[in-house]
Every structure is written in structure tokens, then in C-alpha cells.
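Just so it is clear, none of the values below were taken in a lab; they were calculated from the coordinates. Just so you know, these numbers come straight off a predicted model, no measurement behind them. Don't worry about glycine lacking a Cβ; one is built from the backbone with ideal geometry, like all the others, and counts go over all protein chains shown.
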Amino acid sequence: MNDEATRPTEEDGMPSRSADKNPGGARHGGSRGRAGTTSRAGSVTDGPHLVIPVDDPLSTLPETAVRVLEAAQRVVEERGLQALTLNTVARESGENKAMTAYYFGNKAGLVETLVDSIIHDDCLDAASRMSDVADAERLTKLVEELRRMSAAGRDFRIFFDILPHALRNDDLRRRLATLYRWYIELKLDWLGIDRADDERRRKLRGLAQVMSALIDGLAIQALVDGEEFALEPAYEVVERLFAKAVPQLLAEAEPTE
């Protein structure tokens, strides 16, 4: 048996990051500087300021590492997570396998950065579009953003392929939980709830969770049905429901004398 066959944790497994002994520690694991790492031990808030829990891998990694990451995205999208190994990514990217290990440590590190990359830009683009919306237009624009995110088929195809594996891997599950918490806090921003208003945000967090569930649930249906499924009718109903329910929920969350 050759050395390659004796290293299943790097090629096919998704070991705990704490078990990784990669000498390039500055590029992989913990909060030691690898793009995509959790910025504040999983915290998503810092006082009144919402803190994105990961860096943007595509803007912070060297070009070689970006090519490797984009190749990993293609592999998972086209063949699934089970096909993602350091060897397949090396072939897809045209980069030496050692470069993948150098920048990401092992498959677990690569998958974590992959998750960060597909969530980061879409969420921040949406947040930017919602940042200066007038109150009169807020609900309409909010529903537009929810629909746009549900339509991100490629990113969701990758995300949903990874999700079952995350449920069996504590490190990756915790990372996704942190991202989901941040994802939900963003929805409260889009509703116009001040970041310093902890009580209103607490009262309305359930509504933000429902918004996140709408995005994910309709994205699943769109991926399963393909061209037979239209998001527009569903979101037309969502907009009508929100127009009736959301103002009431916002009013009920106002502080009482």
C-alpha cells in the first residue's frame, strides 16, 4: 500500500480542524489568519455593530488559492461533495495538490472556506441594496431580496450538498450555525430594526427566522423542479402576507410605556 492510500483524512475525510497538524498553521484553522475563519470566536454581534463572522475568501486569498477554491466549487456543483478530494481539485484547478494543502490544510479546511465563499458575497450584496431603502419601500424591496436569494441556484446546489455532511461534523455544523445566526441578524437590519435595540430584535427574531426558512425552502423546490417551478407566484403570496402581518408584528414589538 502506498503512502497516498494511507492518508484518508486528507483525501476523503472531514476531520476536526483541531486535529489538523498542518505546518502552514497561519493559513489554516482557528483565528490565525486563514481567509474564511471565524472573526470573533463565532460572535455575530459586537455591541450595536453587526460583525460578519467570516472574511471574504475570494478577496483575501492569493490568486492560486482562489483558483483552487473556484475549482472546488465546480467539483461540488457538478459531482457532489463525495467527489471533492485534494487530487480532484488539483486536476480541476491545474494547480499542484500541495498548493491545496498549503492554503487550506485538508478537505475540512477547504470545505469550510468553500461554505464561507458561497454565503459571503450574496448576503453582503443584499445588505448593501437594503441599507438605504425608504420605509415606504422596505417590504417590497425585502421580498425582492428574499426572492433573489432563493434564485441563487448554483450556490444553493453547493450548500445543500454540504449540509448533510455538516450535520455529522461538529466543527462544520458550528460554523454553519454561526453563519445562520448572522444571516438572521441581517434580516432584522433589512426590517429596519436598530442594531442597538436588543429588545425589539429579540421580539422579531422569529420573523427573521421565517424569512430565512422561506429562502431555503423555496430554493430547494426550485432546484428539485427546475424549469417547472416558478418562484414568482410564491413570492407574490409572501409579499401579500407580509403586507398584512409585518406592520402588525413591528408595532407589537415597540416598547410599551
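Considering only N169, S150, Q248, whose Cα is most displaced toward the positive end of the charge dipole of the range 120-257, charges sitting on Cβ of Lys, Arg (+1) and Asp, Glu (-1)?
Highest projection toward the positive end goes to N169.
Normalised by the empirical 2.2 N^0.38 Å for globular proteins, what value does the Cα Rg of the range 77-195 take?
Numbers: Rg = 17.1 Å, N = 119, 2.2 N^0.38 = 13.5 Å.
Here the Cα radius of gyration is 1.27 times the empirical estimate.
R168 label point, 7 Å along Cα→Cβ, cut-off 12 Å on backbone N: hits in the range 76-117?
82
Quick check on the range 143-257: what are the equivalent-ellipsoid semi-axes from the Cα gyration tensor, as sqrt(5λ), descending, whole Å? Each step should come with its number before you reach the end.
Numbers: eigenvalues 148, 87, 16 Å².
Working through the eigenvalues yields semi-axes of 27, 21, 9 Å.
Hey, got the dipole for the range 84-144? About the Cα centre, +1 on K and R Cβ, -1 on D and E Cβ, debye to the nearest 20?
Rounded to the nearest 20 debye, it is 380 debye.
So what's the range 207-257 giving for Cα Rg divided by 2.2 N^0.38 Å, two decimals? Intermediate results must be reported in sequence, preceding the final value.
Numbers: Rg = 14.5 Å, N = 51, 2.2 N^0.38 = 9.8 Å.
Output field value: 1.48.
Which lysines does K107 reach when only Cα atoms under 27 Å apart count, and residues fewer than 8 places away in its own chain are ignored?
In chain and number order, the partners are K21, K97.
Note down, for the range 130-174, the three equivalent ellipsoid semi-axes (square root of 5 times each alpha carbon gyration tensor eigenvalue), biggest first, whole angstrom.
Result for the range 130-174: semi-axes of 32, 13, 7 Å.
Among all the lysines, which ones have a C-alpha under 28 Å from K187's C-alpha, if same-chain residues fewer than 8 places away are not counted?
K141, K203, K244
Treating the beta-carbon of each Lys and Arg as +1 and of each Asp and Glu as -1, no other charges, what is the dipole magnitude of the range 119-257 about its Cα centre, to the nearest 20 debye? Write down the numbers at each step before the final one.
Details: 21 positive and 28 negative charges, 95 e Å.
For this selection, approximately 460 debye.
Based solely on C-alpha atoms, express the radius of gyration and the Dmax of the range 141-211 in angstrom.
Over the range 141-211's Cα set, Rg and Dmax evaluate to 14.0, 37 Å.
So if we plug the beta-carbon distance of K141 and R74 into 1/(1 + (r/R0)^6) with R0 = 45 Å, what FRET efficiency do we get, rounded to 0.05?
The value I calculate is 0.90.
Quick one: length gained pulling L223 to E252 fully straight, 0.36 nm per residue minus the C-alpha distance?
Working: separation 29, 0.36 × 29 = 10.44 nm, distance 3.64 nm.
So the extension gain works out to 6.8 nm.
Per residue of the range 128-136, in order, report the coupling 6.51 cos²θ - 1.76 cosθ + 1.60 (Karplus, θ = phi - 60°) as ³J(HN,Hα) in whole Hz, putting x for Gly and Pro.
With coefficients 6.51, -1.76 and 1.60, one gets 5, 5, 8, 5, 10, 6, 5, 4, 5 Hz.
If one puts a single equal scatterer on every Cα of the range 179-240 and applies the Debye formula without solvent, what log₁₀ I(q)/I(0) results at q = 0.12, 0.26 Å⁻¹?
Here the Debye-derived log intensity ratios amount to -0.37, -1.05.
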